[in-house]
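Please read the structure below before turning to the comments.
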Amino acid sequence: MTTTDPNCLFCKIVAGQIPSKKVYEDEQLLVFHDIHPWAPVHVLLIPKLHIASMAEVGPEHAALLGHMTALVPRLMRELGVTNGFRTVVNTGPDGGQEVYHLHMHAMGGPRPWLKG
Ligand code: 5GP
Ligand code: ZN
């Protein structure tokens, strides 16, 4: 199983080759601020394991994705988000995915940024 891709932007962030504003890290996950935030608080949760997209996810990743998802409320609270948040996973060309290393956007803060 491939665990890292030397050409992948987010694998380079995991490896510390590209700097990021880290919010949280453990053995399995890294969370950092999005470089172009769409919301007052906008972080990206990524597995350290290189998984290109949600389209590659299978049952073997259930615990990892559960861990990632379950972390969101705690991180949002710690980042001062008290009134709700949005989580997004873009997948593939028609899903608007730009970086092909699985990531979950978690966005919060006062609402005017959120349309629709
Ligand atoms: P996608 O469209 O693939 O779901 O989102 C990729 C996200 O990664 C975008 O919101 C973009 O701003 C963010 N991003 C792209 N390059 C970098 C980077 O080098 N550092 C950080 N922190 N975020 C990045
Ligand atoms: Zn990667």
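The values are calculated or read from the model by the stated rules, or taken from the named source; none is laboratory data. Quick caveat: nothing in here was measured; it's all calculated off a predicted structure. Note: ideal-geometry Cβ built from the backbone for every residue, glycine included; neighbour counts use all protein chains shown.
Has segment 8-19 got any residue that is closer than 19 Å to Leu65 by Cβ and more than 9 Å from ligand 2 (Cβ to nearest atom)? No, segment 8-19 has no match at all.
It is to be established whether one or more residues within segment 44-52 are modelled with pLDDT of 95 or more and either more than 10 Å from ligand 2 (Cβ to nearest atom) or touching a Lys or Arg at 6+ places or on another chain (Cβ under 8 Å) (or both).
So far as segment 44-52 goes, yes, one or more of its residues are modelled with pLDDT of 95 or more and either more than 10 Å from ligand 2 (Cβ to nearest atom) or touching a Lys or Arg at 6+ places or on another chain (Cβ under 8 Å) (or both).
Filtered by the rule that a residue be more than 9 Å from ligand 1 (Cβ to nearest atom), at pLDDT 95 or above and part of a helix (DSSP H, G or I), segment 93-116 gives Pro93, Asp94. Looking at the structure I just gave you, is His36 within 18 Å of Gly96 (Cα to Cα) and at pLDDT 95 or above? For His36, the condition - within 18 Å of Gly96 (Cα to Cα) and at pLDDT 95 or above - is met.
Check whether at least one residue in segment 31-43 is within 14 Å of ligand 2 (Cβ to nearest atom) and farther than 24 Å from Thr82 by Cβ, and report yes or no.
no
Evaluating Arg74 against the criteria (1) within 15 Å of the chain's Cα centre (by Cα); (2) of a type outside the set (Gly, Ala, Ser); (3) surrounded by 12 or more Cβ atoms within 10 Å (Cβ to Cβ); (4) away from ligand 1 (no atom under 15 Å from the Cβ) leaves one unmet condition, (3).
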